[in-house]
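The values are calculated or read from the model by the stated rules, or taken from the named source; none is laboratory data. The shown structure was predicted, so the numbers you read here are calculated from the model rather than taken from an experiment. Here the Cβ is made from the backbone with ideal geometry for all residues, glycine too, and neighbour counts use every protein chain on show. Remember, those area values only see protein heavy atoms, side chains included, never the ligands or the DNA or RNA. Shrake-Rupley method; radii C 1.70, N 1.55, O 1.52, S 1.80 Å.
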Amino acid sequence: MKRVIILGDGMADLPVERLGGKTLLQYAHKPMMDQLAKEGRCGRLVTVPEGFPPGSEVANTAILGYDLNKVYEGRGPLEAASIGYEMADDDFAIRCNIITIEDGKIITHNGGNLETDDARVLIEYLNEHLGSDRVRFITGIQYRHLLVIKGGNKHIVCAPPHDHPNEEWRPLLVKPENSENSENSENSRLTPQQTADLINDLILRSQELLAKHPYNLAKAAKGERQANSIWPWSGGYRPSMETLMQQYPEIKSGAVISAVDLIQGIGKYAGLRIIKVPGATGLADTNYEGKALAAIDALRQDDFVFVHVEASDEAGHDGDLDLKLKTIEYLDQRLIAPIYHEVKDWQDDVCIAVLPDHLTPVEQRIHVGQPVPFLIWHRGIEPDDVQEYDEVSCVNGSYGLLRLNEFMNEFMKI
Ligand SMILES: [Zn+2]
């Protein structure tokens with residue numbers, strides 16, 4: 001048995017009045033998902049454990065069967081993996097935005113739509129002036145970069161800059177966590193207070209340096225937004241994750257297909273081959289056909305493939321109802337259908353699962369950590385009574401309501 005999980009990021013939704021009280025999955029034309037639900041078995045899954053934010057990195061890690069309490073280290077280490085930075089045991093890696101501040105306030109988390117080529121110049125400049133044996137900046141994508149602190153302590157509280165637009169930045173500086181055991185358990189590292197002080201000092205000095213960089217002087221002259229402060233958040237240590245092959249010996253080799261660096265990072269730590277598909281954008285204009293072909297190709301050599309499509313999440317964040325409906329229909333007709341039609345007659349059985357990681361409702365425009373509907377199909381599966389794939393129909397699915405790693409355990413049992 002080979003297995004493929006097809007994940008529509010943020011695809012689930014809440015009832016929408018404009019759609020007569022239906023959810024987008026209920027309203028969209030998606031004959032392929034409905035057929036698989038009808039012929040297969042359905043259920044719902046809790047993807048976000050208590051105490052965790054309903055982020056994609058959390059939900060996707062849980063769907064792959066990992067215990068977040070054991071492996072979760074935040075975005076920094078996942079992005080380090082996707083950038084190709086091999087973390088040492090004493091490294092602390094933290095996402096480092098380059099943001100825009102004006103009049104003492106955070107104006108945007110994205111540095112005025114900073115582009116990667118410009119960012120690379122700024123990151124090199126920061127390394128020249130602030131880099132040391134302890135501190136290193138690494139260029140990522142657009143406004144999203146990485147700060148690595150040797151011996152940094154993860155027990156600090158940071159403010160995600162996208163959560164604080166138009167707020168004063170000074171009160172949002174890094175603070176030590178007030179947990180008792182964090183200080184003495186990690187003697188070789190800086191204390192949380194020392195780490196917070198170090199990062200806050202870097203923030204202040206980055207502002208002085210960036211204010212006089214030619215890139216920002218040119219932006220200022222044109223009256224455009226400057227990329228004038230670093231803003232680190234969501235850091236952690238090298239995750240101690242077993243690979244999926246160690247967790248599930250039935251898997252001999254696997255692959256991940258995603259345009260998103262966080263998901264690629266999870267895949268890397270999970271021991272999956274990262275397949276980059278040309279034209280995969282993370283948006284509704286992504287190369288669905290290319291991803292389908294890559295998945296089919298991967299299924300020829302691997303026995304586990306995780307295909308992640310970001311587009312629905314972005315449409316949800318934009319509050320764009322029509323676009324989100326389209327992303328569901330594209331996923332159905334341009335990705336799931338070609339995979340199904342290719343593999344359904346293979347001699348080697350292929351088991352297909354379809355699910356989102358969380359809700360990104362078009363009217364709320366933020367992630368919501370409610371249970372998500374899922375379907376599982378393979379040739380010869382005993383169907384349940386569910387006739388359509390959506391949040392409401394799947395309540396009656398024969399898998400019932402599963403929690404976290406129970407989905408992967410069930411999927412691997414088949
Ligand atoms: Zn997501």
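Sequence gap at least 6, Cα distance under 8 Å: using those rules, report the relative contact order of region 1-148 to the nearest whole percent.
Working: 150 pairs, mean separation 21.6, N = 148.
Normalised by residue count, the contact order of region 1-148 is 15 percent.
Principal axes first, then extents: for the Cα atoms of region 375-414, list largest minus smallest coordinate on each axis, whole Å, largest first.
25, 24, 12
Percent relative contact order of the chain, based on C-alpha pairs within less than 8 angstrom and at least six residues apart? Each step should come with its number before you reach the end.
Numbers: 942 pairs, mean separation 136.4, N = 414.
Dividing the mean separation by the residue count of the chain yields 33 percent.
Show that you can apply the helix-only estimate: for the chain, add -39,500 (n - 2.57) for every DSSP H stretch of four or more residues, divide by all residues, and state [θ] at 222 nm to the nearest 500.
-9500 deg cm²/dmol
Whenever you get a sec, compute what percent of the accessible area on the chain sits on carbon and sulfur atoms (1.4 Å probe). Intermediate results must be reported in sequence, preceding the final value.
Working: 7920 of 17360 Å².
Answer for the chain: carbon and sulfur cover 46 percent of the accessible area.
With no other cysteine's Cβ closer than 4.7 Å, which Cys residues of the chain count as lacking a disulfide-compatible partner?
So far as the 4.7 Å Cβ criterion goes, Cys96, Cys158, Cys351 stand without a partner in the chain.
Largest first, please: the extent of the C-alpha atoms of region 1-56 along each principal axis, to the nearest Å.
The Cα atoms of region 1-56 stretch 35, 34, 16 Å along their principal axes.
Taking the solvent-accessible surface of protein heavy atoms with a 1.4 Å probe, what is the per residue accessible area of the chain in Å²? Don't skip to the end; give the middle numbers.
On the way: 17360 Å² over 414 residues.
For the chain, the per-residue accessible area is 42 Å².
Projected area of the chain, taken from the Cα convex hull and averaged over every viewing direction, in nm²?
Numbers: hull surface 81.3 nm².
Mean projected area of the Cα convex hull: 20.3 nm².
Could you point to the residue in Ile339, Gln370, Leu401 farthest towards the positive end of the chain's charge dipole, with +1 and -1 charges on the Cβ of Lys/Arg and Asp/Glu respectively?
Result: Ile339.
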